[in-house]
Amino acid sequence: MINIIDAIYKLYPNVVRTIDAEAFDADGNKVSYDLGAVTVQAKKDNCKAQAKQLLAATDWAALPDVGLSNAIDFKTYRATLRDLVLNPVENPTFPTVPTPVWE
């Protein structure tokens with residue numbers, strides 16, 4: 001889900017209030033913003049949030065006593081997700097979660 005409002009606050013720190021798609025500063029003045037830039041930021045924020053969710057879903061695979069024979073597949077998968085958390089992109093391609101192969 002793309003959250004335009006959060007992106008407005010992130011990109012325009014002088015915005016203290018929004019009403020629908022309008023933004024206002026502390027004095028009640030309307031703040032103009034670049035909808036394109038805000039949309040890109042919202043998409044990047046969504047990428048980061050989704051990558052964090054996918055990482056959390058595979059935290060178990062990073063435990064030392066799990067016993068996966070394909071642990072390297074999970075390390076690679078999780079490294080790709082960590083990169084998306086640190087460097088979110090507008091149109092991410094998320095990796096496919098490996099199927100666990102138990103020892």
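Considering only the stretch 47-80, state which residues are farther than 23 Å from Trp102 by Cβ and out of contact with any helix residue (DSSP H, G or I) (no Cβ under 7 Å at 6 or more places or on another chain). Of everything in the stretch 47-80, those that are farther than 23 Å from Trp102 by Cβ and out of contact with any helix residue (DSSP H, G or I) (no Cβ under 7 Å at 6 or more places or on another chain) turn out to be Ala49, Gln50, Gln53. Within the stretch 26-46, the set of residues being in contact with a helix residue (DSSP H, G or I) (Cβ under 9 Å, 6 or more places away or on another chain), open to solvent by less than 80 Å² (accessible area, probe 1.4 Å) and not in a helix (DSSP H, G or I) comprises Val31, Tyr33. Quick check on Ile2: is it β-branched (Val, Ile, Thr) and assigned to a helix (DSSP H, G or I)? Against the criterion (β-branched (Val, Ile, Thr) and assigned to a helix (DSSP H, G or I)), Ile2 does not qualify. Candidates Ala23, Ala56, Ala49: the one that is assigned to a strand (DSSP E or B) and either without any contact (Cβ under 8 Å) to a residue 40 or more places away in the chain or open to solvent by 50 Å² or more (accessible area, probe 1.4 Å) (or both) is Ala23. Selection of the stretch 59-100 for residues being closer than 24 Å to Val38 by Cβ, among the aromatic types (Phe, Trp, Tyr) and open to solvent by 80 Å² or more (accessible area, probe 1.4 Å) yields an empty set.
The values are calculated or read from the model by the stated rules, or taken from the named source; none is laboratory data. Not measured: the values here are computed from a predicted model. All Cβ positions, glycine included, derive from the backbone under ideal geometry; neighbour counts span all protein chains shown. Side chains are part of the model used for accessible areas, which takes the heavy atoms of the whole protein and leaves out ligands, DNA and RNA. Shrake-Rupley method; radii C 1.70, N 1.55, O 1.52, S 1.80 Å.
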